[in-house]
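The values are calculated or read from the model by the stated rules, or taken from the named source; none is laboratory data. This is a predicted model, so every value here is computed, not measured. Note that we place each Cβ from the backbone using ideal geometry, even for glycine, and neighbour counts take in every protein chain shown.
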Amino acid sequence: MTPSAIHYCGISGGKDSTAVALWLIHESGIEKSSLRFTVCNTYNEDQMTYDYIAMLSEWFERWGAPGIVYLEPERGFLELAKWKKRFPSRKARFCTQHLKVIPTRRDIEVLQTVGHEVTLYSGIRRDESTDREALQPEAFDLGFGCKVIRPLLTWTREQVFAYAAGFGIPRNPLYDIGAWRVGCFPCINSRKAEIRAISEHRPERIDQIREWEAEVGSSFFARKTTPPQFRSRQVWSEKQQRFFDVPMIDDIVEWAKTDRGGKQYPLRFDDGLICDSGRGMCE
């Protein structure tokens, strides 16, 4: 391949990265042969997402664009947790770094080494987090060593879904069972209602997490996710030299059925956590 400009877009199977890819193919005016679509294989995705990405790749090729290329991490999600002897958390989000950032940076560096000028396109949106309000439509990403363009920065969630639908592309079916985000499923930042939806519609994922917790010897969700009455296991902290009560996945599922404070079992739920990542690589 002769060195040239490469317009790079990471795909997660979520609404935002899908919309960016559609914009690049149909409205950016960029030569389709210069596009590169990749997906970081976290080994923590639902089969619905893998199927959705395969469908997207087929559509991209029908439109004359390249298909989606999988990037492999050094360690998948479970192996990474075993290596770290814990699962990631909101304060220790090493999953994004190891499963998304590093494989993408490595791929971009390979392209740059042979002379390509890479521009990265991100589906990050300001309305997802107050931490994103100061982001600009264009910037230089020091971590990736290239320019980044954010074409959806001022879009709303509803606009993103409508945009994809306008090209005949359905949403990832995980949204229809209650998922708020679909990159990694479940994400360690899952909302309360999402956890209940997963337990009801994808119970095999709960079974898998239970097995993973046994293998890693740690709880999948952070200790402070639930109130104390939903923390059934004690773990020893070498750092603080004391035991802590932590919630295992069955505690989390039971808590997800309750109202605020975990005291009642109504038919409504609070929203829990959202992702405030500065790169938006999981959606």
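Output yes when any residue across the stretch 157-175 is within 17 Å of PHE37 (Cα to Cα) and under 20 Å from the mean Cα position of the chain (by Cα), and no when none is. Talk me through it step by step, then tell me what you get.
Within the stretch 157-175, the first condition is being within 17 Å of PHE37 (Cα to Cα), and the residues that meet it are 164, 169.
Those left that are additionally under 20 Å from the mean Cα position of the chain (by Cα): 164, 169.
Looking for residues that are within 17 Å of PHE37 (Cα to Cα) and under 20 Å from the mean Cα position of the chain (by Cα), one finds at least one in the stretch 157-175, hence yes.
Kindly state which helices (runs of 4 or more DSSP H) lie completely within the stretch 148-228 and contain at least 1 residues that are hydroxyl-bearing (Ser, Thr, Tyr).
Values: elements: 157-165, 192-201, 203-216.
Ranges flagged: 157-165, 192-201.
How about the stretch 135-144: which of its residues are surrounded by 17 or more Cβ atoms within 10 Å (Cβ to Cβ) and more than 19 Å from the chain's Cα centre (by Cα)? Step through it out loud before you land on a result.
Initially, the stretch 135-144 is screened for residues surrounded by 17 or more Cβ atoms within 10 Å (Cβ to Cβ), giving 135, 144.
LEU135 - this is the single residue of the stretch 135-144 that is surrounded by 17 or more Cβ atoms within 10 Å (Cβ to Cβ) and more than 19 Å from the chain's Cα centre (by Cα).
Just to check your reading of the model, which residue among ARG171, ARG242 is surrounded by fewer than 21 Cβ atoms within 10 Å (Cβ to Cβ) and either in the same structural domain as GLY76 (by TED's automatic domain parsing) or among the hydrophobic types (A, V, I, L, M, F, W, C) (or both)?
Numbers: ARG242 fails: either in the same structural domain as GLY76 (by TED's automatic domain parsing) or among the hydrophobic types (A, V, I, L, M, F, W, C) (or both).
Step by step, each of ARG171, ARG242 is checked, and only ARG171 is surrounded by fewer than 21 Cβ atoms within 10 Å (Cβ to Cβ) and either in the same structural domain as GLY76 (by TED's automatic domain parsing) or among the hydrophobic types (A, V, I, L, M, F, W, C) (or both).
Taking the condition among the acidic types (Asp, Glu), at pLDDT below 95 and out of contact with any Pro (no Cβ under 6 Å at 6 or more places or on another chain), does GLU215 pass? Spell out how you get there, then give the answer.
On the way: among the acidic types (Asp, Glu): yes; at pLDDT below 95: no; out of contact with any Pro (no Cβ under 6 Å at 6 or more places or on another chain): yes.
So GLU215 does not fit the description; no.
Restricting attention to the stretch 229-250, which residues are under 19 Å from ILE188 (Cβ atoms), among the basic types (Lys, Arg) and not in a loop (DSSP other than H, G, I, E, B)?
Hit for the stretch 229-250 is ARG233, nothing else.
I'm checking my understanding of the structure. Among residues of the stretch 60-79 that are over 30 Å from GLY168 (Cβ atoms) and either of a type in the set (S, T, N, Q) or within 16 Å of the chain's Cα centre (by Cα) (or both), which one is surrounded by the most Cβ atoms within 10 Å (Cβ to Cβ)?
The selected residue is PHE77.
For the stretch 200-212, indicate whether the set of residues that are over 21 Å from ASN41 (Cβ atoms), at pLDDT 95 or above, crowded, with 18+ Cβ neighbours inside 10 Å and not assigned by TED's automatic domain parsing to the domain that holds CYS95 is non-empty.
Yes, because at least one residue in the stretch 200-212 is over 21 Å from ASN41 (Cβ atoms), at pLDDT 95 or above, crowded, with 18+ Cβ neighbours inside 10 Å and not assigned by TED's automatic domain parsing to the domain that holds CYS95.
Restricting attention to the stretch 145-155, and to residues there that are of a type outside the set (D, E, K, R) and either surrounded by fewer than 13 Cβ atoms within 10 Å (Cβ to Cβ) or more than 18 Å from the chain's Cα centre (by Cα) (or both), which single residue is farthest from ARG125 (Cα to Cα)?
To start, the set of residues in the stretch 145-155 that are of a type outside the set (D, E, K, R) comprises 145-146, 148-149, 151-155.
Keeping just the survivors that are either surrounded by fewer than 13 Cβ atoms within 10 Å (Cβ to Cβ) or more than 18 Å from the chain's Cα centre (by Cα) (or both) gives 145-146, 148-149, 151, 154-155.
Values: GLY145: 21, CYS146: 19, VAL148: 13, ILE149: 12, PRO151: 9, THR154: 6, TRP155: 6 Å.
Top of the filtered list is GLY145.
Mind listing whichever residues of the stretch 103-134 are under 21 Å from the mean Cα position of the chain (by Cα), acidic (Asp, Glu) and modelled with pLDDT of 95 or more?
Answer for the stretch 103-134, where residues must be under 21 Å from the mean Cα position of the chain (by Cα), acidic (Asp, Glu) and modelled with pLDDT of 95 or more: just ASP107.
Could you give every pair whose Cβ atoms fall below 6 Å, whose first residue belongs to the stretch 117-140 and is in a helix (DSSP H, G or I), and whose second residue is loosely packed, with under 14 Cβ neighbours inside 10 Å, counting only separations of at least 6 or pairs across chains?
Taking only residues 6 or more apart or on different chains, the pairs are ARG126/GLU133; ASP127/THR156.
Considering each residue of the stretch 124-134, count those that are touching a Leu at 6+ places or on another chain (Cβ under 6 Å) and either crowded, with 18+ Cβ neighbours inside 10 Å or within 28 Å of THR113 (Cα to Cα) (or both), and give that number.
Of the stretch 124-134, the ones touching a Leu at 6+ places or on another chain (Cβ under 6 Å) are 125-126.
Keeping just the survivors that are either crowded, with 18+ Cβ neighbours inside 10 Å or within 28 Å of THR113 (Cα to Cα) (or both) gives 125.
Result for the stretch 124-134: 1.
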